[in-house]
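Q: Below are the structure tokens for one structure; questions will follow.
None of the figures in this text is laboratory data; all of them are computed from the coordinates on show. None of these values were measured; they are calculated from a predicted model. Backbone-built Cβ (ideal geometry, glycine too); neighbour counts: all protein chains shown.
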Amino acid sequence: MFGFGVLKGMSVTLWNFILSYVYPKKGITTVQYPEQKKEVEERFRNFPFLVYEGAPDNMRCVACDICSKECPPKCIYIIPEKDAQGRVQKKPATFDIDYAICMNCGICEEVCPFDAIFMDHEYELAEYERLSSLLYHKEDLLKPVEHFAKIRPTDYGRIEATRAAKGVKGRAQPVAGAPPKPAETQQSPPATS
Amino acid sequence: MDVLHNLARLGFFAATLVTLAAAVMVVTLRNIFHCALALILVLLGVAATYISLKAEFFAVIQILLYVGAIMTLVIFAIMLTSRIGDKTVLQNNRQGLMSFSLLALFNAFFIGSVIKTSWHLNPAAMTANVDAGVLGAAFMNEYVFPFEIISVVLIVALVGAIILGRSDQ
Amino acid sequence: METSESIFVVIKKAILGFFHGFLPDWTVVIISILISVTAIVIFGPVTMMFLTWLERKVVGRIQNRYGPNRAGIFGLLQPIADGVKMLTKEDIVPRAADKVTHFLAPVIVVIPALLVFSVLPFGRGMAAVNLNVGLLFFLAVSTMSTIAIFMGSWGSRNKFSLLGGMRAVAQMVSYEIPMVMSVVPVILVTGSLSMVSIVEAQLGGKWFVLTPWGFFGAIVFFLCGVAEVNRTPFDLPEGESEIIAGFHTEYSGMKFALFYMAEFMSAFAIAGLTATLFFGGWDGPLLPSWLWFLVKSYAMIFIMIWFRGTLPRFRIDQLMGFAWKLLLPFALLNIFVAALWQMLPAPKNLIVSGIAEAVILVIVFFASRKDSPKKRTYVFAD
Amino acid sequence: MNAIPVSYYVIFSGLLFSIGLYGVLVRRNVIGILMSIELIINAANINLVAFSRYVAAKPETGQIFAAFVIVLAASAAAVGLAIVLSVYRNRRTIYTDEINLLKW
């Protein structure tokens, strides 16, 4: 009646305007992005990464090619390593993921029987170039298992528990296996005993 | 200040030339929308003529009514009656040459007679100040009867236009 | 008066005096005209740039965010960045467009927006031209932007453009009538069409907005002005959610920027005119006159932006009904109240015209409500 | 300033009138004819204002009648365009030689 509704609405916006100056904590809800960032949730997941233990050479991936076959957009490309006689080793020589094609579905993480690939929290991946800059190679994808423990502690605990129950101790490789992985042993003592 | 007067007069002559050229465009262009735009130019040129006659109020009225109201109506009608792509349709009939020659004849006589006439100039009128107040007083005193008649005509036209323009029935 | 009061006038006089030393009289006159023209041509776009910044800032604050704050301090360089972006954009002309009209429309739309500044009194003795028909000139010239919008919408050969143009013109023609009617009381009381004498009639705090007719006249005028310059809530001609961008759908780059510029300059002109007609123009204590004018104009601009941050868009029948059923009768009856005010002696007129105004307000409001459309029942909806 | 002779205005308006008359005679489009009529009316108005400024006893008379003429032109345009619209609605054309139902 008599336009009082309009006045009421306008008072709301005016109050917002004033509040944003006198009490910005409540009046302004945005985050100044490059300087401040919102904490991502633990369940947040973005592009996948590969896990290694200790040294980058000691990766969990055995080049079984399952993730590459399951990947819906087929963005994973794996060539296993071969030794001098041409026998296939349990280790990828090439492990490429095209982030331009990846759609963050997380199926690779689910199907991996060796818990070698996980979804990351990284989201600032802008590049100037479309083809080569977004094609991530093995060296770019490898991250230590501590990184995984840091970003997703719940999942880490669960997965390490099952791994320990099955008796898998990382990758039984004589090259890098000498010092046992500290993070893993600390994280899952009840299962190992 | 003579230079300024001459400049003003030059501007006025240019305005009349532009007006006449635009008037020719109004009657010759194929695209009726362009004709309407040219007509707007003519009306602005006529307003400039009024300013040169020291009738500023009337010039502004000309812009307000003609450009603001009448031409808007005309363009609206153009938009409602022609399709966007129409421009190939012949806009003129075959009386062009005949009309042109007759009008040229008329103009020859007309201009000749105008030049020959000696006008009885009224120096008082030439310097008088005719502003909105003078016009308003005249409207309300001497010319109040035609003023009322005109307003009745305007209302009749308004109602008539609404009735004619209604879509149903 | 102190120097800050008339600093611009003094500067102009100094320049003219400098040229007067060695140039003939008539060139000095031309230079004087050129100075005024240059001042307006610079003032218009600068105002527009500042207004874009202000609008985004205020709307941002209304929506609980900061608004532009990256380019320069407080984001003040944002308009320049926008300008560079606009200039470097590709200029697209549709293949089927009417090339001449399409090109001319953005050029012509700026002309009336700049011309209206010439009669606004920016301060004491700071109107570029003191026309004795200044107010009418303002209204007449601002109607010419209709033509440019028509040209743009027709020349684009695009249905959305055409729809936007039709809407724009229907709206502008409708709102022009209550707008002209709402300034008639001012002319009636001051007895002059010149902006300078209208301001002089309000000197010493006798602003028209403080009288009953002036208060409601100012509201009617301001609403009509907001509708004239196609701003929210009257932005049907360019309603993004309905018809893409209305009449400037097919414009890109600098041509679009010209439309944008014309819109903001007209918005400022309407704000300045409201301040001049009803809020005493440059009249005010302490501060220099031109600063008062700017303060008042920007207050009006703030209200416009506030509207934009608050109100949703009108429906087309509500828009027309608002103009014809509410604003027009009210503006007409307001003239009667102003006549009462002018006729009666000083203490009585406030009471009488105030009562008359209130009665009229109630009557017009109820009369306009009576035949508003019934609540519709949707037959096929359920 | 009034150094421009009155005959100049009269010739100007005569030319404008002839162009308008040419348009009325030649145009097929009804709206074109209406616009030509506007030209003629403007020519008449120029004459009224010019004569009132130069030779009339009272300088405001011509302007007042020119104002009447403008109002009449406005109402003529409104009614004329309404007629054009209804003709277009019924006959789907606005060309005068195609609106010939009464011609036989």
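Q: Answer with one residue from C:P312, C:G246, C:W324: the one whose Cα lies farthest towards the positive end of the charge dipole of segment C:234-328, charges on Cβ with Lys, Arg +1 and Asp, Glu -1.
A: C:W324
Q: Which of the helices in chain B meet the span-like rule: DSSP H, Cα axial reach of 18 Å or more, Kyte-Doolittle mean at least -0.5?
A: Working: long enough: B:2-28 (39 Å, 1.52); B:32-52 (30 Å, 2.24); B:96-116 (30 Å, 1.64); B:144-165 (31 Å, 2.61).
Helices passing the filter in chain B: B:2-28, B:32-52, B:96-116, B:144-165.
Q: A follow-up question, please. Averaged across D:82-93, how many Cβ atoms of other chains sit within 10 Å of each residue's Cβ atom?
A: On the way: counts 10, 4, 7, 9, 5, 2, 4, 4, 0, 0, 1, 1.
Taking all residues of D:82-93 together, the mean is 4.
Q: Give the peptides C:17-25, C:242-250 in descending order of average Cβ contacts within 10 Å, highest first.
A: Those peptides, ordered most packed to least, come out C:242-250, C:17-25.
Q: Also, quick follow-up: Give me the dipole magnitude in Debye, nearest 20, for the protein assembly as shown about the Cα centre, with unit charges on the beta carbon: positive for Lys and Arg, negative for Asp and Glu.
A: 1180 debye
Q: Shifting gears a bit: Roughly what angle does helix A:153-166 make with the longest principal axis of chain A, taking Cα atoms, 0 to 90 degrees, to the nearest 10?
A: Roughly 20 degrees between the two axes.
Q: Tell me whether chain B comes out rounded, prolate or oblate; compute the Cα gyration tensor, take square roots of the eigenvalues as a ≥ b ≥ c, and use a/c under 1.5 as the rounded threshold.
A: oblate
Q: Something else now. With only alpha-carbon atoms in the gyration tensor, what are the semi-axes of the equivalent ellipsoid for the protein assembly as shown, in Å, largest first? Intermediate values should be presented prior to the final figure.
A: Working: eigenvalues 955, 231, 158 Å².
They are 69, 34, 28 Å, listed largest first.
Q: Of the listed peptides B:42-50, C:256-264, A:31-39, D:85-93, what is their order by residue-averaged count of other C-beta atoms within 10 Å, with the highest listed first?
A: Packing order, densest peptide first, comes out as B:42-50, C:256-264, D:85-93, A:31-39.
Q: Further question: Tell me, what are the semi-axes, in whole angstrom and largest first, of the equivalent ellipsoid of chain C as set by the roots of 5 times the Cα gyration tensor eigenvalues?
A: Whole-Å semi-axes of the equivalent ellipsoid: 33, 32, 19.
Q: May I ask you to order C:336-342, D:46-52, C:346-352 by the average number of other C-beta atoms within 10 Å around their residues, highest value first?
A: D:46-52, C:336-342, C:346-352
Q: Among the listed pairs B:K54/C:K12; A:K82/A:K143; A:K82/A:K150; A:K26/C:K255, which are separated by more than 30 Å between their Cα atoms?
A: A:K82/A:K150; A:K26/C:K255
Q: Of C:F268, C:N130, C:L163, whose Cα points farthest to the positive end of the dipole of segment C:3-370 (charges on the beta-carbon: +1 Lys, Arg; -1 Asp, Glu; origin at the Cα centre)?
A: Towards the positive end, the residue furthest out is C:L163.
Q: Just checking the output field for B:116-127: average partner chain Cβ neighbours within 10 Å of each residue's Cβ?
A: Mean shielding count: 5.
Q: For segment C:89-103, in order, what is each residue's ³J(HN,Hα) by Karplus, 6.51 cos²θ - 1.76 cosθ + 1.60 with θ = phi - 60°, in whole Hz (x at glycine and Pro)?
A: 6, 6, 8, 9, 10, x, 5, 7, 5, 7, 4, 5, 5, 4, 6
Q: Hey, what D do you get for segment B:8-104 in µm²/s if you plug the Kirkwood alpha-carbon radius into Stokes-Einstein at 20 °C and 1.002 mPa s?
A: 144 µm²/s
Q: On average over all directions, what projected area in square nanometres does segment A:85-166 have, based on the convex hull of its Cα atoms?
A: Directional mean of the projected Cα hull area for segment A:85-166 stands at 7.4 nm².
Q: If each DSSP helix of 4+ residues adds -39,500 (n - 2.57) and the sum is divided by the residues in chain C, what number results at 222 nm, nearest 500 deg cm²/dmol?
A: That calculation yields -23000 deg cm²/dmol at 222 nm.
Q: Per the Kirkwood definition applied to all pairs of different Cα atoms, how many angstroms is the hydrodynamic radius of chain A? List each step's numbers first, then the result.
A: Working: mean 1/r = 0.0501 Å⁻¹.
About 20.0 Å, per the Kirkwood formula over Cα pairs.
Q: Averaged across the residues of A:147-156, what count of C-beta atoms belonging to other chains lies within 10 Å of each residue's C-beta? Kindly include the intermediate steps, with their values, before the conclusion.
A: Details: counts 0, 0, 0, 0, 0, 0, 0, 0, 0, 0.
The mean count of partner-chain Cβ atoms within 10 Å per residue comes to 0.
Q: If you place +1 on the Cβ of every Lys and Arg, -1 on the Cβ of every Asp and Glu, and leave all else neutral, what size is the dipole of segment B:24-158 about its Cα centre, to the nearest 20 Debye?
A: Rounded to the nearest 20 debye, it is 640 debye.
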